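The structure appears right after this line, and notes come after that.
Bear in mind these aren't lab numbers, they're just calculated from the coordinates by the rules spelled out. The structure displayed is predicted, hence computed values, not measured ones. Every residue, glycine among them, receives a Cβ derived from its backbone with ideal geometry; neighbour counts consider all protein chains shown.
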2 protein chains.
Amino acid sequence: MIKKVLKFGGTSVGTIERIQHVANIIKNEYDNGNQIIAIVSAMSGKTNELIKFSKNISANFDKRELDVLLSSGEQVTCALLAGALLELKLNAKSWLNWQIPILTEGDHSNARIINMNVSQINDFLKKGIAVVPGFQGISERGDITTIGRGGSDATAVAFAKLFDAETCEIYTDVDGVYSSDPNKIPVAKKIDKISYDEMLELSSLGAKVMQSSAVQTAMMYNIPLEVKSTFTNRKGTKIFDQHGIDYSKSVTGVAYSKDDAKITLIGVEDKPGVAANIFEPLEKVQINVDMVIQNISSIEKKTDITFTIKRDDLEKTKKILEENNKIKYQDITYNDKVAKVSIVGAGMVSTPGVTYKMFKGLADKKINILAISTSEIKLSVIIDENNTLDAVKKLHTIFDLD
Amino acid sequence: MIKKVLKFGGTSVGTIERIQHVANIIKNEYDNGNQIIAIVSAMSGKTNELIKFSKNISANFDKRELDVLLSSGEQVTCALLAGALLELKLNAKSWLNWQIPILTEGDHSNARIINMNVSQINDFLKKGIAVVPGFQGISERGDITTIGRGGSDATAVAFAKLFDAETCEIYTDVDGVYSSDPNKIPVAKKIDKISYDEMLELSSLGAKVMQSSAVQTAMMYNIPLEVKSTFTNRKGTKIFDQHGIDYSKSVTGVAYSKDDAKITLIGVEDKPGVAANIFEPLEKVQINVDMVIQNISSIEKKTDITFTIKRDDLEKTKKILEENNKIKYQDITYNDKVAKVSIVGAGMVSTPGVTYKMFKGLADKKINILAISTSEIKLSVIIDENNTLDAVKKLHTIFDLD
């Protein structure tokens with residue numbers, strides 16, 4: 001008997017028919033002799049509807065009450081799915097955050113699951129299916145907490161860890177992780193197996209199949225994940241430790257995102273502490289700086305510093321930079337029409353020439369590189385937003401992913 | 001400082017604007033120095049929507065899971081109202097069924113509140129407004145329970161009782177209890193004060209302003225109630241012990257209902273035990289028999305028995321009577337086109353001639369009386385459904401209620 005955590009996202013439970021379909025998926029797994037904990041999200045659209053309600057009341061709706069509000073969404077899905085399973089003559093029961101309880105720490109709307117009581121549910125699993133809500137828990141004080149958008153993935157991984165489940169399957173509306181966005185790059189292929197590292201780079205770069213922090217947790221505790229479609233019977237993408245993966249290709253996927261903005265400070269004094277003076281006030285207001293590149297400037301004894309941030313943070317960043325009297329510079333340029341294109345692959349580090357191939361490919365397409373950043377398993381460039389698809393397609397081809 | 005329980009029904013919190021309006025009503029009460037516990041229903045339409053979801057999954061949706069499902073409605077309103085109060089710079093906090101906890105006993109969807117922990121909320125009331133969900137609680141086993149449709153009234157009265165509140169105000173979409181249905185009888189007048197007894201007779205007879213069992217509980221513990229409109233500033237109807245009421249009129253109101261059916265068994269043997277044989281099998285399947293009238297029959301040594309039931313139960317009742325071989329009768333007639341019209345008034349018992357006046361009024365209108373039933377404070381007749389409004393208008397006039 002294998003213990004499985006199955007997580008169903010918002011679109012997978014978006015209608016009554018889909019909830020009934022999910023019940024059948026679970027029945028199939030249960031009839032195959034598995035013990036099942038089903039984690040559910042709110043029906044698609046529900047959380048946004050509730051957030052809209054709150055915003056109509058206040059731009060700064062109280063965070064404690066927002067968590068009370070939003071957590072109702074998964075409660076509804078739990079009850080409906082448990083009811084649908086019972087209708088299939090299976091023994092099933094919903095368990096709410098406070099009934100388990102799922103203990104969290106940290107701020108409202110941004111809590112982390114730290115523990116839960118497993119004994120009751122473990123007893124129940126011997127005779128039935130447990131249905132539990134994703135995305136939420138309770139604090140030590142007994143208040144309802146939520147763990148951030150997409151938090152149901154984190155719930156699934158936390159359950160898999162604490163219940164010592166053999167596998168954690170993430171059912172969603174795509175049938176796995178692709179070598180690039182299949183909607184934009186028709187030749188993109190589904191990846192059968194991928195390492196946690198690669199998945200992390202891909203998901204933080206815009207392949208929004210799974211929440212990054214959930215993948216991180218799975219990596220930390222070595223919990224095998226599988227991302228698969230609720231709507232087809234096809235195999236999904238298995239995510240596990242990279243030692244289990246045979247790398248025949250140096251590059252696993254090409255990702256891109258269009259929500260970045262690039263800022264360049266030209267002619268900054270080249271002395272210690274300058275970078276800190278630039279980034280400290282940004283960090284204070286939680287503006288996330290992504291890539292940072294420092295070059296020698298054409299101006300004597302000066303340097304140019306380029307960095308990227310989320311496009312949404314641009315106005316705030318501009319204001320902070322302009323009010324920052326600790327830094328001196330000749331000029332400043334902003335560009336919010338940029339895209340970040342990245343190649344990702346755990347095999348990259350051991351394959352020579354990957355960097356050259358990437359730059360050559362972009363040059364062939366006459367695409368100008370505005371900034372470059374590298375890591376062990378990723379190589380990202382900032383380019384003009386208009387060239388995004390051209391770049392992704394070209395890279396997809398030259399790294400044999402088509 | 002006065003402690004008040006204010007209950008807001010589904011239409012009162014049916015939109016965000018209305019929730020904000022309710023927050024202003026509460027602010028006003030709080031600024032006047034009162035301690036406030038606000039009880040809220042689900043936003044209007046929400047409970048029906050959730051019930052529809054459950055019915056699409058199963059005609060016999062599991063009752064435990066149904067309670068989990070439905071209780072989410074009030075949770076949403078609690079959070080939104082608490083948020084709206086905080087936005088008005090008031091200290092406010094939502095408390096869910098399990099956070100208080102509200103302890104219930106009895107079956108799912110039909111539980112009764114038996115106790116709750118008052119100390120935490122009492123502490124909080126010294127500095128802020130407590131917002132709590134109507135209609136629900138938890139069982140001793142820690143399962144969510146609900147207390148039946150309209151159960152928010154019962155929650156309000158239970159809170160008033162256990163928190164020793166000075167008054168319990170039921171905010172709704174009408175501005176009080178009327179001498180008859182104001183939509184049908186334009187001359188109907190709002191009643192300023194009414195006794196629990198009269199209110200019970202009126203509400204069980206179709207003036208569906210408040211849930212009957214909640215009025216009964218209020219009567220039992222002598223909790224002053226007030227029914228008032230969320231949408232006007234007018235005074236509502238105060239409901240209290242009849243000793244506090246000055247009866248200048250014998251009749252307080254005229255009520256009617258059109259959901260009855262009349263059954264007459266003609267020529268039943270007139271011997272002991274016959275009535276029991278008729279009604280026992282009906283009681284077993286929880287068919288509620290309302291009026292029962294027994295007359296001497298035109299057939300020798302026989303009697304005629306007439307009784308009324310809910311119209312919805314007619315087919316089931318027919319079947320039970322036809323299969324009942326313990327009773328013998330000459331003939332049976334069914335009539336589901338009848339209405340029950342009642343005059344209600346705690347002053348009736350001490351006013352001679354009320355009965356005569358009623359019958360005379362109906363006779364003037366050439367309305368045939370099919371059955372009569374009386375109590376201390378109520379006189380009901382069954383008439384042809386088509387005559388309902390004529391009868392109600394006439395009675396309203398002759399008892400000086402216009």
Response to the item:
For residue A:253, the residues 5 or more places away or on another chain with a placed amide H closer than 5 Å to its own amide H are A:344
Fill in: Calculated from backbone phi, Karplus (6.51, -1.76, 1.60) coupling profile of segment A:355-371 in Hz, x at Gly/Pro
4, 4, 4, 5, 5, 4, x, 5, 5, 3, 8, 6, 9, 7, 8, 8, 6
Practice prompt. On a C-alpha basis, how far is the centre of segment A:349-402 from the centre of segment B:213-270 in Å? Whole number, if you could?
Written response: 79 Å
Discussion item. Can you compute 3J(HN,Hα) from phi for each residue in segment A:166-181, using the Karplus curve 6.51 cos²θ - 1.76 cosθ + 1.60 with θ = phi - 60°, rounded to whole Hz and x for Gly and Pro?
Written reply: 6, 8, 10, 9, 9, 7, 8, 9, 10, 9, x, 9, 10, 5, 6, 5
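What relative contact order, as a whole-number percentage, does chain A give when Cα pairs under 8 Å and 6 or more residues apart are counted? Let's see the in-between values first.
Numbers: 864 pairs, mean separation 54.7, N = 402.
In percent, rounded to a whole number, it is 14.
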Worksheet item: Amide H neighbours of residue A:267 under 5 Å, counting only residues 5+ apart in sequence or on other chains, H built in-plane at 1.01 Å?
Response: A:303, A:304, A:305, A:330
Worksheet item: Hey, which residue of B has the C-beta nearest the axis mapping B onto A, and what's the distance in Å?
Response: B:72, 2
Fill in: Evaluated over segment B:138-278, the Cα radius of gyration and Dmax, each in Å
18.8, 60
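Counting only C-alpha contacts under 8 Å and six or more residues apart, can you give the relative contact order of segment B:93-150 as a whole percent? It would help to have the intermediate numbers written out before the result.
On the way: 101 pairs, mean separation 25.5, N = 58.
Relative contact order, segment B:93-150: 44 percent.
To the nearest 500 deg cm²/dmol, what mean residue ellipticity at 222 nm is calculated for chain A from DSSP H runs of n ≥ 4 alone, each contributing -39,500 (n - 2.57), summed and divided by the residues? List each step's numbers first, then the result.
Details: 11 runs with 134 residues, N = 402.
My calculation for chain A gives -10500 deg cm²/dmol from helical runs alone.
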Discussion item. Counting only other residues whose beta carbon sits under 11 Å from that of residue A:286, what net charge do I get with K and R as +1, D and E as -1?
Written reply: +1
Practice prompt. Read phi for every residue in segment B:209-217 and hand back ³J(HN,Hα) as whole Hz from Karplus 6.51 cos²θ - 1.76 cosθ + 1.60, θ = phi - 60°, with x for Gly and Pro.
Written response: 7, 9, 5, 4, 5, 5, 5, 4, 4
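Over its Cα atoms, what ratio of radius of gyration to 2.2 N^0.38 Å does segment B:3-173 give?
For segment B:3-173, the normalised Cα radius of gyration comes out at 0.98.
How big is the C-alpha Rg of chain A next to the rule-of-thumb value 2.2 N^0.38 Å, as a ratio? Could you put the intermediate results ahead of the total?
On the way: Rg = 23.4 Å, N = 402, 2.2 N^0.38 = 21.5 Å.
Here the answer is 1.09, to two decimals.
Which entries of A:55/B:89; A:52/B:4; A:3/A:228 show an alpha-carbon separation above 28 angstrom in the structure shown?
Values: A:55/B:89 16 Å; A:52/B:4 31 Å; A:3/A:228 18 Å.
Pairs exceeding 28 Å: A:52/B:4.
Once Rh is set to the Kirkwood radius over Cα pairs, what Stokes-Einstein translational diffusion coefficient, in µm²/s, holds for segment B:254-398 at a temperature of 25 °C and a viscosity of 0.890 mPa s? Let's see the in-between values first.
Numbers: Rh = 16.2 Å.
Estimated via Stokes-Einstein, D reaches 151 µm²/s.
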Practice prompt. Let me know the charge dipole size of chain B about its Cα centre in debye, to the nearest 20, where only the beta-carbon of Lys, Arg (+1) and Asp, Glu (-1) is charged.
Written response: 560 debye
Worksheet, complete the sentence: The answer for residue A:290, listing residues at least 5 apart or on another chain whose modeled amide H is closer than 5 Å to its amide H, is A:308, A:309
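Step through the table entries B:258/B:301; B:127/B:161; B:208/B:365, compare each Cα-Cα distance with 32 Å, and write down the pairs that go over it.
Details: B:258/B:301 34 Å; B:127/B:161 21 Å; B:208/B:365 27 Å.
Where the Cα-Cα span goes over 32 Å, the pairs concerned are B:258/B:301.
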Worksheet item: At residue B:164, with labels set 7 Å past Cα in the Cβ direction, how many nm apart are the copies from this one, shortest first?
Response: 5.2
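Net charge within 14 Å of residue B:23 by Cβ-Cβ distance, Lys/Arg positive one each and Asp/Glu negative one each, not counting residue B:23 itself?
On the way: positive: B:18, B:27, B:89, B:93; negative: A:62, A:65, B:17, B:29, B:31, B:87.
Net local charge, residue B:23 excluded: -2.
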Worksheet item: Taking Cα atoms, how many degrees apart are the long axis of helix A:388-398 and the longest axis of chain A, rounded to 10 and kept between 0 and 90?
Response: 80 degrees
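Step by step: find N for the protein assembly as shown, compute 2.2 N^0.38 Å, then divide the Cα radius of gyration by it. What's the final number? Let's see the in-between values first.
Working: Rg = 34.8 Å, N = 804, 2.2 N^0.38 = 28.0 Å.
Expressed relative to 2.2 N^0.38 Å, the Cα Rg reads 1.24.
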Item to complete: Evaluate the charge dipole of segment A:254-398 about its Cα centre and quote only its size in Debye, nearest 20, assuming +1 on the Cβ of each Lys and Arg and -1 on the Cβ of each Asp and Glu.
Response: 380 debye
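Using DSSP to define loop residues, name the trypsin sites (Lys or Arg not before Pro) in segment A:130-176 whose beta-carbon has at most 10 other beta-carbon atoms within 10 Å.
Working: sites: A:141, A:149, A:161; in loops: A:141, A:149.
Here the trypsin sites (Lys or Arg not before Pro) that fit, given the DSSP loop and packing criteria, are A:141.
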Practice prompt. Mind putting a number on the dipole of segment B:3-173 about its Cα centre? Charges go on the C-beta only, +1 for Lys and Arg and -1 for Asp and Glu, and I need it in Debye to the nearest 20.
Written response: 140 debye
Discussion item. I need the inter-copy label distances for residue B:2: point set 7 Å along Cα to C-beta, values in nm with one decimal, smallest first.
Written reply: 6.7
Item to complete: Taking each label point as 7 Å beyond Cα in the direction of the beta carbon, state the distances from residue B:33 to the same residue in the other copies, shortest first, in nm.
Response: 7.5
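Restricting to chain B, compute how many DSSP beta bridges are antiparallel as a %, nearest 5.
Numbers: 49 of 76 bridges.
The antiparallel fraction comes to roughly 65 percent.
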Worksheet item: For the Cα atoms of chain B, what angle does the longest principal axis make with the long axis of helix B:314-323, in degrees from 0 to 90, nearest 10?
Response: 50 degrees
Worksheet entry | Whole-angstrom gap from segment A:286-304 to segment B:126-159, using each part's C-alpha centre | 60 Å
Worksheet item: Along the charge dipole of the protein assembly as shown, Cβ charges K/R +1 and D/E -1, which of B:172, B:370, A:12 sits furthest on the positive end?
Response: B:370
Worksheet item: When only Cα pairs under 8 Å and 6 or more residues apart are kept, what is the percent relative contact order across segment B:347-402?
Response: 34 percent
Worksheet, complete the sentence: Of the candidates B:131, B:152, B:113, the farthest towards the positive dipole end of segment B:107-165 (Lys/Arg Cβ +1, Asp/Glu Cβ -1, centred on the Cα centre) is B:131
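Over segment A:138-218, consider all pairs of different Cα atoms and compute the Kirkwood hydrodynamic radius from their mean reciprocal separation; express it in Å, one decimal. List each step's numbers first, then the result.
On the way: mean 1/r = 0.0707 Å⁻¹.
Evaluated over segment A:138-218, this radius sits at 14.1 Å.
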Discussion item. Quick check: Cα centre of segment A:37-78 to Cα centre of segment B:1-68, how many Å?
Written reply: 16 Å
